[in-house]
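So the structure is just underneath, and the comments pick up after that.
The values are calculated or read from the model by the stated rules, or taken from the named source; none is laboratory data. Here the structure is a predicted model, which means the values were calculated and not measured. Note that each Cβ is placed from the backbone with ideal geometry, even for glycine, and that neighbours are counted across all protein chains shown.
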4 protein chains.
Amino acid sequence: MTDNRRALDAATLARTIRNIRLIAFDFDGVFTDNKVYVFQDGREAVRCTRSDGMGLNKLTALGIRSVIISTEPNPVVTARSRKLGIDCIQNCGDKRAAIEEVAQEAGLGLDQIAFVGNDINDLPVLRAVGLPIVVGDAHPDVLAYASYQTKMTGGNGAVREVCDLFEQILRSEGE
Amino acid sequence: MTDNRRALDAATLARTIRNIRLIAFDFDGVFTDNKVYVFQDGREAVRCTRSDGMGLNKLTALGIRSVIISTEPNPVVTARSRKLGIDCIQNCGDKRAAIEEVAQEAGLGLDQIAFVGNDINDLPVLRAVGLPIVVGDAHPDVLAYASYQTKMTGGNGAVREVCDLFEQILRSEGE
Amino acid sequence: MTDNRRALDAATLARTIRNIRLIAFDFDGVFTDNKVYVFQDGREAVRCTRSDGMGLNKLTALGIRSVIISTEPNPVVTARSRKLGIDCIQNCGDKRAAIEEVAQEAGLGLDQIAFVGNDINDLPVLRAVGLPIVVGDAHPDVLAYASYQTKMTGGNGAVREVCDLFEQILRSEGE
Amino acid sequence: MTDNRRALDAATLARTIRNIRLIAFDFDGVFTDNKVYVFQDGREAVRCTRSDGMGLNKLTALGIRSVIISTEPNPVVTARSRKLGIDCIQNCGDKRAAIEEVAQEAGLGLDQIAFVGNDINDLPVLRAVGLPIVVGDAHPDVLAYASYQTKMTGGNGAVREVCDLFEQILRSEGE
C-alpha cells in the first residue's frame, strides 16, 4: 500500500475502475454534507441527496456492489441505507477490519474495492483499497491518500459523480 | 419528438408559451433543492420555497393549470401539493404514461403542455411535451433535451421563475 | 405615497430614520430565507438567525417598537415572535389595513413607520410607510418600491442589519 | 486586558497557544452557523458539523480541556455537548463571570484560556482571556477584539480549524 498517492491519469484511472467490483462509502460527509441537525431531545437528522439513489441504481445495473461503512452506530444511517436498498455496516470501531471482512465475504481482493471517504478516520481504508476516492470538500489531511477526488462535495452530488464516472468508463469500449 | 433540442430564441419561446395550457412539475429537484432530510425513524422532510406559491397563483389567474408528477409515493409531496392547492400524481412508475393521462383528461395535446424536470428519470416526459424545461442545476445529461433552462436552481426560485416568465409573455401584447 | 422610489442618500436616510418610531417586519423571506421545511404529516419548520434577537434588543433599548406582520396564519410565526418577545399580527389578508391598524393603535403616522419586506405581496405596505425597506434577495419586482435595500439576505442577517443601521444613526450626534 | 487587539504574528500566536490549557467555546454561531430551525410547537433544532468531534478528540489527546459556554439555557446545547463528550455551562447571564469560574475551578489563569466567539455578547469574555478567537463570519463589531480569526465560518469547520491549529503548533518542535 502506497501513501501520498497522486491523482491517476485518465488511462490508469479507467484501468483501475474496470477492475473494481464493489464500492464502499463512508456515510457522514459523503452521503451528507457532514452536518448533523440536533434536536432538543438529542435526536439527529442528516441531509442527503435524492440523485444519489439514481446513481446507485446505475452501479447495480453495471454489476457493481455498493456498501456503506460507518464507524458510529446511528439510526439515520440505517434509515438511509434501507431507503437506498444497499447494505450497511455500522458500529465498526475499526473501518480497516470492516473493509477486509467485506472483501472476504464477497470473495474479492482489496484491489477490487473502491472506497469513498472524507476525513482522517478514513485513512486506514483509503490506504488499503484499490481505488481510494475522496469528496470535493474532504479534509486537507486526506487528499494525498486519494487516487481520485470528486468535483462535487459530500451530500451535494459526490456519490452520483462516482456512479456516473463508473458508468461512463464501464459503458465505453476497450481503453 | 426531437432529441437534443436547443434553447429557443425569444420569439419562438413566446409563441410556444402562448400555446401552453398546463404545466407539469417534477417535485424533487424542482420544488426542492433535490435534498432530503432523513430522521432516525426513517421519516423524511424536504425544503421548499415560499415564493413558489405566489407564482402558482399567478398561473391560475392566467388560466394555466398546474400539476405535480412524482415517481415515488411520498407523503411530503402530498403535504406540499395540498398546501399549494394544486393537483398531484404520485407513484407513477412511468412518468410518460402519467403525462399522457393528464393530457387526455384535460383534453389537451402534448404540445399544449410544459414540463419542468431535473434528472434522467424525466427524459421520457421532457422528450414528449411541447415545452420541456429544466432547472438551473439539472443533471448535465438532461440539458440537451430542454427548450428552456431556468436561471434559478431547484427549490431556490426555479418554479417562480417559470411562473414569472409565463406571466410576462402572456400579459404582453401580440408577439 | 410615491412609487418607484430610489435609494435615499445618506443624509435623507438618516433624517428619515430619526423620524421612525416602529418597524414592522414581514416574516417569511425577512426573518427566514423564504424557505419552508415540509414534513410528511404536513407540519412545517423555518430557519431563522440567532443574531436577529440581539438586534431587536437594540431597537427596544433605542425606544423603537418592533412588530411582525404575516399574511398567513402559521404556528411557526407565533413560536418565533414569542421567543423574540415581539408582537405578531397574523392571518391578515390585507397587510395594508394591518399596518394602518398598527399605526392607529400606536398613535403614529404611517411616516413614522418602517416596513421590511421581500415580495410582491408586500407592495401595498411598502408604498404606504415612511421607510420602505427590502432584503438583499427581494424579488426584482419590489426593488423599485424600497428606499433602502439591505446588503444581507433574508434569514441571513437582514433584520440584524436594519437594527444595526438604526443604532448607528440614532446613537450618532445631530446630522 | 487590551482592546482593539490585532491578529498576532505567527511566532506570538504559537507562543500564546503553547500557554493555553483550556478552550471555551460559545455555542450558537461557533458550533452552528448561528441559525435556528423553528418548529410549529416552538421546539428548536440547530445544525452542527460532524468534523468538530474529531477535532475535540485531538484536543483531549493533547491535554487541552474543552468547555461550551452558552448564555441561553437550551436543550439542544445540552444534547450536542453530551454527544461531543465535553462540559457545558448554560444559563449564565454573565459570560465573563462564567469564564472566571471555569478558570478558578481548573486552577488556571485567564491567560491560559482561549475563547471562541462570534457576536457582541461575547465581548466581555474575548477581552478577558489569553487567546480571544472569532469565527470567519463573526459580527464586524467583535473583529477588533480577536487575536485570531478562523478562515472557516461557524458551524462549517471553525471549531475543527481551531483544533487543527492547536495540534499543528503543539506537535511541532520548539518555536
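Got a number for residues in the range A:123-135 being in a loop (DSSP other than H, G, I, E, B) and more than 14 Å from chain D (Cβ to nearest Cβ)?
Of the residues in that region, 4 qualify.
Pick out the one residue from D:8, D:13 that is surrounded by fewer than 22 Cβ atoms within 10 Å (Cβ to Cβ), more than 13 Å from chain C (Cβ to nearest Cβ) and in a loop (DSSP other than H, G, I, E, B).
D:8
Give me the residue from the range B:95-122 that is closer than 15 Å to residue B:16 by Cα and touching a residue at least 60 places away in the same chain (Cβ under 8 Å) and, out of that set, nearest to the chain's Cα centre (by Cα).
B:116
From the list D:125, D:116, pick out the single residue that is over 30 Å from residue A:141 (Cα atoms) and buried (at least 23 other Cβ atoms within 10 Å of the Cβ).
Among D:125, D:116, only D:125 is over 30 Å from residue A:141 (Cα atoms) and buried (at least 23 other Cβ atoms within 10 Å of the Cβ).
If you take the residues in the range B:47-82 that are buried (at least 17 other Cβ atoms within 10 Å of the Cβ) and under 23 Å from residue B:140 (Cα atoms), which one is farthest from the other protein chains (Cβ to nearest Cβ)?
B:69
I need the full set of residues from the range D:16-53 which are part of a helix (DSSP H, G or I) and under 19 Å from residue D:130 (Cα atoms), in order please.
D:16, D:17, D:18, D:19
Which residue, of B:96, B:80, is assigned to a helix (DSSP H, G or I) and either farther than 28 Å from residue A:41 by Cα or among the aliphatic types (A, V, I, L, M) (or both)?
B:96
Which residue, of C:42, C:93, C:109, is over 30 Å from residue B:39 (Cα atoms) and in contact with a helix residue (DSSP H, G or I) (Cβ under 7 Å, 6 or more places away or on another chain)?
C:109
Go through (1) of a type in the set (Lys, Arg); (2) at pLDDT below 95; (3) in contact with a Leu (Cβ under 6 Å, 6 or more places away or on another chain) one by one and return the number of the condition residue A:21 breaks.
Failed condition: (2).
Determine if the range B:26-41 includes at least one residue that is closer than 22 Å to residue B:113 by Cα and away from every other protein chain (no Cβ under 14 Å).
Scanning the range B:26-41, I find no residue that is closer than 22 Å to residue B:113 by Cα and away from every other protein chain (no Cβ under 14 Å), so the answer is no.
Anything in the range A:138-160 that is assigned to a loop (DSSP other than H, G, I, E, B) and buried (at least 20 other Cβ atoms within 10 Å of the Cβ)? List them, or say none.
Correct list: A:138, A:139, A:146, A:147, A:150, A:154, A:155, A:156, A:157.
Considering only the range A:123-143, state which residues are touching a residue at least 40 places away in the same chain (Cβ under 8 Å), within 10 Å of the chain's Cα centre (by Cα) and within 16 Å of residue A:28 (Cβ to Cβ).
Selection gives A:135 alone.
Any residue that is at pLDDT below 95, within 14 Å of chain C (Cβ to nearest Cβ) and within 23 Å of residue D:127 (Cβ to Cβ) - is there at least one of those in the range D:91-105?
yes
Could you go through the range C:27-43 and let me know if any residue there is surrounded by fewer than 13 Cβ atoms within 10 Å (Cβ to Cβ), without any contact (Cβ under 8 Å) to a residue 60 or more places away in the chain and within 26 Å of residue B:52 (Cβ to Cβ).
yes
I'm checking my understanding of the structure. Among residues of the range C:53-71 that are without any contact (Cβ under 8 Å) to a residue 24 or more places away in the chain and not small (Gly, Ala, Ser), which one is nearest to residue C:110 (Cα to Cα)?
Among residues in the range C:53-71 that are without any contact (Cβ under 8 Å) to a residue 24 or more places away in the chain and not small (Gly, Ala, Ser), the one nearest to residue C:110 (Cα to Cα) is C:60.
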